[in-house]
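Single-structure report; data block below.
The values are calculated or read from the model by the stated rules, or taken from the named source; none is laboratory data. Note that the structure is a prediction, hence the values are computed from the model and not measured. When we count neighbours, we look across all protein chains shown, and the Cβ atoms used for this are built from the backbone with ideal geometry, even at glycine. These accessible areas exclude ligands, DNA and RNA; they are computed on the full protein's heavy atoms, side chains included. Shrake-Rupley method; radii C 1.70, N 1.55, O 1.52, S 1.80 Å.
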Amino acid sequence: MPSREHYKDEAFVVRTHDFGEADRIVVLLTRDHGLVRAVAKGVRRTKSRFGSRIQRFVQLSMLLYPGRNLALIAEADTIAYFGAGIIEDYNRYTAGCAALDCAAAVVGVAEGEAEIFDEVAQFFQYLQHAADPVLLLDALLLRLMRHAGWAPSLFDCANCGDPGPHCAFAPAAGGAVCSQCRPVGSMKPAPAVLRLMWHMANRDLATIAPTASQLGEVFPGGSTALCAEAHRLTRAHLQYHLERNFVSLAMLSED
Ligand SMILES: [Zn+2]
């Protein structure tokens, strides 16, 4: 056993890679230590004590020993298993994997590791039964962006603060923008789209699908078209800020 002080933490598995004869390298989203790369020794042997638990969509309680490159997983117990409704449904499964990848990307640059972890746990709870996994994922992405400090403004103008609702949206400007501040090439969402996104970012996850149905009743193309627009804006905003952030992180590490 390594001599450095061990610690307990809660974790979700983000991804795993087989390593050596029977080991597995595991990337963990932890509640108190952010992203942790760890080795789970002997877990590919059938006799492994906890190998079967080290998989996605399981909330785990772990005992970890820090190492120079990799932590060592000494114990792993199940707190909650969310896989049942997720792993047999392709759309829920891909949404769940995307949620883990995005949380892992954001946790290193964001404030509030524990809050991010709790957002993901709550998301999995609802994802198990979600009729529209993409809508639920977009809601989580908006919340993760808030922790990272890149949340789009969804009501006030992101540039001058003029109260909305506004009819233009530009990721580079910070979200919703007024007609004075609107950059060339801004997206032009209907007010209902930004209203839905505001709900997605701020309200209980259980209320999002009903809100989308309600707002969709008076939206051309119905709630399907409304959610598709919210999806387009959310992903455009996320992509712009993730790319910008990773470029700046890459430049920092070159110093
Ligand atoms: Zn403005």
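Rundown of residues vs (1) more than 16 Å from T16 (Cα to Cα); (2) surrounded by fewer than 21 Cβ atoms within 10 Å (Cβ to Cβ); (3) in contact with a Pro (Cβ under 8 Å, 6 or more places away or on another chain); (4) of a type outside the set (A, V, I, L, M), yes/no style:
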{"position": "F50", "(1), (2), (3), (4)": "no, yes, no, yes"}
{"position": "I54", "(1), (2), (3), (4)": "no, no, no, no"}
{"position": "A71", "(1), (2), (3), (4)": "no, no, no, no"}
{"position": "T78", "(1), (2), (3), (4)": "yes, yes, no, yes"}
{"position": "Y90", "(1), (2), (3), (4)": "yes, yes, no, yes"}
{"position": "D118", "(1), (2), (3), (4)": "yes, yes, no, yes"}
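Would you call S186 open to solvent by less than 30 Å² (accessible area, probe 1.4 Å), within 16 Å of the ligand (Cβ to nearest atom) and outside the structural domain of L28 (by TED's automatic domain parsing)?
Values: open to solvent by less than 30 Å² (accessible area, probe 1.4 Å): yes; within 16 Å of the ligand (Cβ to nearest atom): yes; outside the structural domain of L28 (by TED's automatic domain parsing): yes.
Yes: the conditions hold for S186.
Answer yes or no as to whether A228 is open to solvent by 30 Å² or more (accessible area, probe 1.4 Å), assigned by TED's automatic domain parsing to the domain that holds R143 and free of Cβ contacts under 8 Å to residues at least 60 places away in the same chain.
So A228 passes the test.
Quick test for you: out of G175, G161, G216, G222, pick the one residue that is at positive phi, at pLDDT 95 or above and touching a helix residue (DSSP H, G or I) at 6+ places or on another chain (Cβ under 6 Å).
G222
Exactly one condition in (1) open to solvent by less than 70 Å² (accessible area, probe 1.4 Å); (2) not assigned by TED's automatic domain parsing to the domain that holds I116 is not met by K41; state its number.
That leaves (1) as the condition not met.
With respect to Y126, determine if the residue is closer than 24 Å to M200 by Cα, aromatic (F, W, Y) and either outside the structural domain of H241 (by TED's automatic domain parsing) or open to solvent by 40 Å² or more (accessible area, probe 1.4 Å) (or both).
Criteria met by Y126.
For segment 150-169, does any single residue satisfy the condition of being open to solvent by 10 Å² or more (accessible area, probe 1.4 Å) and more than 16 Å from the ligand (Cβ to nearest atom)?
Yes, the conditions are met somewhere in segment 150-169.
Identify, please: which residue in segment 1-20 is without any contact (Cβ under 8 Å) to a residue 12 or more places away in the chain and over 28 Å from H147 (Cβ atoms) and is, among those, most open to solvent (accessible area, probe 1.4 Å)?
Step one: filter segment 1-20 for residues without any contact (Cβ under 8 Å) to a residue 12 or more places away in the chain, giving 3, 17, 20.
Subset that is over 28 Å from H147 (Cβ atoms): 3, 20.
Working: S3: 118, G20: 63 Å².
Residue satisfying both the conditions and the ranking: S3.
If I filter segment 170-181 down to residues being closer than 23 Å to C227 by Cα and not β-branched (V, I, T), which single residue comes out as nearest to the ligand (Cβ to nearest atom)?
That would be C178.
Given A103, A110, which one is modelled with pLDDT under 95, assigned by TED's automatic domain parsing to the domain that holds Q239 and surrounded by 23 or more Cβ atoms within 10 Å (Cβ to Cβ)?
A103
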